[in-house]
Amino acid sequence: MTLVSGTAAVLYATNNNITRLLKEELLVSERIFLTLLNDNSAQLKNRAEILADDFAFKNAVATNERDTVISVLANHANRINADMVLLVSKNKDIEVTSHNLSPMVKKLRERLDPNKSVDLLVISNSQPFLVVFVPVKTPDLIGWVGLGFSINQSLLDHLKGLTNQDITLIYQTTLNSENNTISTLKGNVQSKPNVSVDINQYIKEMIKILSNGGQITRSFQLLKEENQQIIGILSSSIDEAMRSYNPMRIQMVLIGLISLAFAAIGAFLISKGVTRPINYLVKSAKRISNGDYSQPVHLSSSQEFNVLGSTLELMQQTVHEREGRIKHQSRHDMLTQLPNRYSIFSTINNRIAEKTANMQFGLGLLNIDNLPSLTDMYGSEFSDQLLKKVAERLSHSLRRGDIASRIGDMQFLIFFDGMSHSGIDKVADKLVKLIQQPINTNTITVNLEPSLGFVLCPQHGGIFDDLLRRAQIALQKCSAPKRFYSVYEIGQDEIHLRQIKVTHRLQYAIKNRSFQLYYQPKYDLKKGEINQLEALIRWTDTELGPMYPDEFIMLAEHSGDITKISSIVLDMVLEQLMSWRNNEQQLAISINLSGVDIAKKEFITDLISRFNETGLDSKLLVIEITETVMMVDLETSLSNLEKLKAAGFSISVDDFGTGFSSLSQLKVLPAAELKIDKSLILSLDESQSDQLIVRSTIEMGHHLGLRIVAEGVENIESAILLNNMGCDAIQGYYLAKAMPVIALEDWLKNPPDQLKTLRSPTFNC
Ligand code: C2E
Ligand code: CA
Ligand code: CA
């Protein structure tokens, strides 16, 4: 009796166990599905953050350059395989989008957070998407960028591949609309309920169909909104699961029967010895069904029960392995098998949370710069191979305790335990050489171009997000001037944020034309008079206070706004020249144009025609340029300069003596004037070498037929030296600083003593 009930108990426990196991596996599958969504959204979040942090992108958003925004978004989405992209304005209006999202505008407005990223499930074009929204800041909020992936058949197939269970998603685009389904189930889909019934009814009928088909099911709600719903049904065939345990069940029944025969012979003798192993097996089965795989199933007694025991042991191992595999996949990058962003994030956070007294580590953010072009050329399968190779090289080269992870399409984050400042150079050299080694595939050999941004903890930050952002800034610094690695410098984050803020505020200044022009006089040493002024821009921002051109002009050149500024300056200068047109002696004004302006045909044509409309003498406008004009687009720039010259304007080469300027390069430019940079003039009276350079520049300039102006003249001694060297004109604080037009008019009427000194006979002898 004990034997029969014991065997039945084992069989029952096993059956029960299988059903429970299936139910549990459905629960695990639900978790994996959610992890899969989370994983994908974390990757998108990372990419969206990179995009939201990209200087050019922020500029384009801040300056409302719709075309640039669209093209950057499209390129980015393409590169990272995002299925949906959008840009939301800071007023929460959808500015740019790849999909129709009108049904979700209300929800979007409620959920968007200016301080953190949010995930939203949405349905568009009858397809569910998971979209990650990341705030774009300058540091004021200027909008959100959204990247999404579609929850489609291939994602469900992927889940099935992981769990071997079927998944069906049922969703309604709008309230009471037809039910849409995507599913890994094949046959059942044909016999699914009528699409137009109420969604809850639909789910009930679907579950009934599946149960009748011998499936065990689990449903879960993925999205429930007023007007949109997504429900998932996970299912698994009981028969199929039982089938794999059938040999074991047959074995058990056989063993039971044999044991029964023996029991008839010596029930009393055996009873004690049998109940113990059966009890043990029942207990083991229960333990396994509770998910405890810690103990082996091992019986020391009779052979038959050993067979039963080892079958259970095998079952335990299989289940254990499967769970292990699933856990591994949730923390690793599927392609390279390196830890993923989540995993490295928690490793680093744990390390920071330990708060050990001498915590010290470094992070290296590795980017493969030429991967996008290699992908364009050879396809994504090929670039996947390259990424695997990089991962392999990294894994083999790292020391114990260091961890390489893949956190973005082209980016790897490497954790270097104990790394300090002095260790960076060596590690960086080693890594760069390692990644640069040519990769031979069957068909071609390619060379990867790595760049690395390093940060140190605790020196550069104490939380993961700060460290990653600063590593990103260090990485960006590798591009200009080009170098393979760079280390974050304290303060760069703030500079970066300040630059973005300035660029952003500059938009308002341009829109409202809130610039002033200051004028600085130039004194003609040969004629002994003031005959020219330089227009220098000033801007006082309501938030940032007084701003100097040395800071914002360069940023405007980067963002492409410079020409709008130059155009405003031109307007103001023309207006000024017009207002002085009836003056007895009219002063010429020089304006500073950027290399970007000179390379633009339309701007130059426009400048000439606007000037001509005034009817003024073209001698009244001087164009100051620096030699960097040669760098933008040499051919167009030269032809534009020729046009300016032909229109009668003088061209003056500014900042001569800095950088790579040389007299031989000057010959190419149609210049009439040369301005020696203030760096050579400021201490001219004290520096013999500056005197030597300035003297020879004046002589050689004159040989080339150029008029020479010295800027930055701060004292009479330098003015005398320059006069003796034959310099044609001087400009500088000795004479006057740049000033607003009212002050200038006053200054001209009541010349200061310095001007009198310059005009005195003693100065000229
Ligand atoms: P720049 O064209 O070389 O202008 C001369 C700069 O030197 C001016 O600074 C002027 O105030 C300063 N300066 C003049 N004399 C002296 C002196 O004796 N000692 C010293 N220490 N400085 C002197 P500012 O106005 O801050 O302009 C800086 C630069 O910004 C300019 O250098 C020019 O490159 C750019 N910039 C100014 N206005 C404009 C503009 O309207 N358009 C463009 N594209 N650039 C401009
Ligand atoms: Ca200038
Ligand atoms: Ca200058």
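The values are calculated or read from the model by the stated rules, or taken from the named source; none is laboratory data. Predicted model only: the values in this text are computed from it and were never measured. Every residue, glycine as well, gets a Cβ built from its backbone with ideal geometry; the counts of neighbours run over all protein chains shown. Accessible surface is based on the protein model in full, side chains and every heavy atom, while ligands, DNA and RNA are left aside. Shrake-Rupley method; radii C 1.70, N 1.55, O 1.52, S 1.80 Å.
So the values come out like this:
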item	result
Given charges at beta-carbon only (K, R positive; D, E negative), |dipole| of the stretch 341-489 in Debye	340
Additional length obtainable on full extension of the chain from Asn91 to Ser154, 0.36 nm per residue less Cα span	19.1 nm
Whole-Hz ³J(HN,Hα) from phi, Karplus 6.51 cos²θ - 1.76 cosθ + 1.60, for the stretch 112-123, glycine and proline x	4, 10, x, 10, 8, 7, 10, 9, 9, 8, 9, 10
Overall dimensions of the chain by Cα: Rg and Dmax, Å	38.1, 142
Relative contact order (%) - the stretch 54-150, alpha-carbon pairs under 8 angstrom, separation at least six	28
Rounded if a/c under 1.5, otherwise prolate or oblate - the stretch 197-244, Cα gyration tensor axes	oblate
17 Å cut-off, amide nitrogen to a point 7 angstrom out along Arg111 Cα→Cβ, residues in the stretch 199-225	221-225
Dipole of the stretch 341-489, positive direction: furthest Cα of Met410, Ser420, Asn349, with charges on the beta-carbon	Ser420
Segment Glu543-Asn582, length gained on full extension (0.36 nm per residue, minus Cα span)	10.1 nm
Degrees, to the nearest 10: 153-163 long Cα axis against longest axis of the chain	50
Net charge, Val88 excluded, C-beta distance under 10 Å - Lys, Arg +1, Asp, Glu -1	+1
Chain lengthening between Gln754 and Glu717 when straightened (0.36 nm per residue, less Cα-Cα)	12.1 nm
Pairwise Cα inverse-distance average, inverted: Kirkwood Rh of the stretch 315-377 (Å)	15.1
The stretch 111-240: relative contact order as a whole-number percent, Cα under 8 Å and 6+ apart	18
Cβ-based net charge around Phe552, under 10 Å, with every Lys or Arg adding one and every Asp or Glu removing one	-4
Phi-based couplings in Hz for the stretch 145-150 (Karplus 6.51, -1.76, 1.60; Gly and Pro marked x)	10, x, 10, x, 10, 8
Surface share of carbon and sulfur [accessible, 1.4 angstrom probe, percent] for the chain	52
Rounded FRET efficiency, nearest 0.05, which uses the C-beta distance separating Gln337 from Lys224 and R0 of 35 Å	0.45
Ranked packing of 34-41, 95-102, most packed first, by mean Cβ within 10 Å	34-41, 95-102
Average accessible area per residue (Å²) across the chain - probe 1.4 Å, nucleic acids and ligands excluded	47
Cα gyration tensor shape of the stretch 54-150, rounded if a/c is under 1.5, else prolate or oblate by comparing a/b with b/c	oblate
Cα convex hull volume per residue for the stretch 341-489 (Å³)	107
The chain - percent relative contact order, Cα under 8 Å, separation 6 or more	8
³J(HN,Hα), Karplus 6.51/-1.76/1.60, whole Hz, each residue of the stretch 441-452, x for Gly, Pro	9, 4, 9, 9, 10, 10, 10, 8, 10, x, 9, 10
Residue-averaged [θ]222 nm for the chain, counting only DSSP H segments that reach four residues, each worth -39500 (n - 2.57)	-17000 deg cm²/dmol
Paramagnetic reach from Lys737 (point 7 Å along Cα→Cβ, amide N under 19 Å) across the stretch 683-722	683, 711-716
Long-range HN-HN contacts of Glu529 with modeled amide H, under 5 Å	Asp524
Nearest-ten-degree value, helix 688-703 long axis tilted from longest Cα axis of the chain	70
Considering only the chain, percent of DSSP beta bridges that pair antiparallel, nearest 5	75
Pairwise Cα inverse-distance average, inverted: Kirkwood Rh of the stretch 154-240 (Å)	13.1
Cα gyration tensor category, rounded, prolate or oblate, for the stretch 673-765 with a/c compared to 1.5	prolate
C-alpha long axis of helix 421-436 to longest principal axis of the chain, angle in °	80
Exposure of Arg513 as accessible area (Å², to 10), given a probe of 1.4 Å and all protein chains	120
Set of lysines near Lys601 by C-alpha distance (under 28 Å), chain-local residues within fewer than 8 positions excluded	Lys58, Lys511, Lys564, Lys619, Lys643, Lys645, Lys667, Lys675
Net +/- balance of residues flanking Asn750 in space, Cβ distance below 15 Å, scoring K and R +1, D and E -1	0
